Amino acid sequence: MSWNSFGHLLRFTTWGESHGPALGAVVDGCPPGLPLSEAHIQPFLDKRRPGQSRFTTQRQEPDQVRILSGVFEGRTTGTPISLLIENTDQRSKDYGDIAERYRPGHADYTYDAKYGIRDYRGGGRSSARETAARVAAGAVARVILGESIRIRGYLVELGGEAIDRTRFDDAAIDANPFFCPDPAAADRWATALDAARKDGSSLGAVVEVVATGVPVGLGAPLYAKLDQELASAMMSINAVKGVEIGDGFAAARLRGEDNADPMRLGADGRPVFLSNHAGGILGGISTGQDVIVRLAIKPTSSILTPVPSITRAGAEVDVLTKGRHDPCVGIRAAPVAEAMMALVLADQLLLDRAQCPRNGS
């Protein structure tokens with residue numbers, strides 16, 4: 001299996017399976033001399049960690065990260081940084097019933113058809129468990145970005161129920177299990193998700209991730225557009241079925257004068273944008289405004305409601321998936337989207353410095 005790596009100057013490779021002994025990432029291209037320890041990484045893994053509420057899988061994984069290489073006396077050396085996260089709470093017996101059955105909505109059939117073999121224990125490599133390694137790699141990227149660039153991910157919709165943006169409260173995001181900036185919406189989501197779980201079903205969600213403090217000039221006009229790189233990164237996350245930049249599909253319903261982001265000169269003589277329909281990217285290059293991305297996350301496919309399917313031998317069966325699963329995988333996708341945003345921005349920052357050092361970005 002190939003294509004386990006992502007990035008250009010800052011390139012990371014993830015490895016491991018859901019029910020293997022461990023998983024992890026190797027981050028290559030990190031500049032030397034940056035402060036890095038497990039303490040820089042662990043808080044982001046803790047945000048993604050399973051079993052923290054009744055609304056996520058009850059698999060109990062501490063997700064403690066270990067740095068195996070690339071750091072000496074608390075600073076990066078410029079060599080590959082290897083990150084290890086052990087799996088400690090696998091229950092492979094839960095998947096015995098689907099060893100020969102394809103779960104609808106999962107990668108079971110496509111993996112088997114392509115490779116002729118699949119790890120049915122939690123989906124193996126196709127499991128969202130792999131995203132823990134991305135979050136660890138993303139924490140390294142945040143060190144490269146520094147404190148001037150802030151990345152924030154949160155849910156703006158769950159089960160078709162959207163937040164009220166007039167009630168947006170940044171402080172509320174970390175105060176509820178949904179990473180929701182609207183406390184009233186979080187209460188409604190809790191009721192809806194409890195009902196879906198009781199029915200043996202699941203719900204989808206929309207995640208929004210915003211990066212503030214992004215300098216002007218990241219990206220390139222054609223085949224390395226910043227929005228192109230972000231779309232690729234976000235689409236690589238499990239269960240993502242759509243990505244929007246800025247207004248996204250809503251832009252197609254606007255007139256030109258409404259979609260344009262007007263500009264004026266600020267007091268310091270620099271351009272000031274009066275709106276941000278473009279999501280902080282014009283012509284594939286960052287404008288200096290907030291970079292805004294939204295992800296559509298499908299409902300979790302592992303559900304207790306029987307769904308028609310087939311076996312590997314071709315027999316028709318109904319499949320229900322036992323075990324511990326997220327009733328809404330979109331909840332824990334918020335920290336993953338933050339990580340992928342950080343990895344793309346750090347990679348593009350290094351590329352910009354290499355090509356245009358005079359910009360001082």
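Laid out as a table, the results:
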item	result
Residue count, the range 311-340 (criterion: out of contact with any helix residue (DSSP H, G or I) (no Cβ under 8 Å at 6 or more places or on another chain), farther than 16 Å from P299 by Cα and not acidic (D, E))	5
Filter result for R152 (open to solvent by 50 Å² or more (accessible area, probe 1.4 Å), of a type in the set (K, R) and outside any helix (DSSP H, G or I))	no
Hits in the range 301-327 (condition: open to solvent by less than 20 Å² (accessible area, probe 1.4 Å) and among the acidic types (D, E))	D326
Residue match in the range 260-270 (condition: assigned to a loop (DSSP other than H, G, I, E, B), closer than 27 Å to F6 by Cβ and not polar (S, T, N, Q))	no
Residue match in the range 279-300 (condition: touching a Pro at 6+ places or on another chain (Cβ under 6 Å) and either among the basic types (K, R) or open to solvent by less than 30 Å² (accessible area, probe 1.4 Å) (or both))	yes
Boolean, R188 is modelled with pLDDT of 95 or more, among the basic types (K, R) and either under 23 Å from L349 (Cβ atoms) or part of a helix (DSSP H, G or I) (or both)	yes
Answer from T14, T76 - the residue that is open to solvent by less than 30 Å² (accessible area, probe 1.4 Å), at pLDDT 95 or above and out of contact with any Lys or Arg (no Cβ under 7 Å at 6 or more places or on another chain)	T76
Sole residue being in contact (Cβ under 8 Å) with a residue 12 or more places away in the chain and either under 30 Å from P306 (Cα atoms) or of a type in the set (D, E) (or both), chosen from A233, A196	A196
Matching residues, the range 193-212, being open to solvent by 30 Å² or more (accessible area, probe 1.4 Å) and under 13 Å from I281 (Cα atoms)	T212
Residue that is most open to solvent (accessible area, probe 1.4 Å), among those in the range 23-53 that are over 20 Å from the mean Cα position of the chain (by Cα) and among the aliphatic types (A, V, I, L, M)	A39
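Let's see how each residue does on (1) open to solvent by less than 20 Å² (accessible area, probe 1.4 Å); (2) in contact (Cβ under 8 Å) with a residue 12 or more places away in the chain:
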| residue | (1), (2) |
| --- | --- |
| P177 | no, yes |
| A184 | no, yes |
| W189 | yes, yes |
| E257 | no, no |
| D261 | no, yes |
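The values are calculated or read from the model by the stated rules, or taken from the named source; none is laboratory data. Small disclaimer: the values here were computed from a predicted structure and weren't measured. Heads up, the Cβs are rebuilt from the backbone with ideal geometry, glycines too, and the neighbour counts pull from every protein chain shown. Just so you know, the surface numbers come from the protein's heavy atoms only, side chains and all, with ligands and any DNA or RNA stripped out. Shrake-Rupley method; radii C 1.70, N 1.55, O 1.52, S 1.80 Å.
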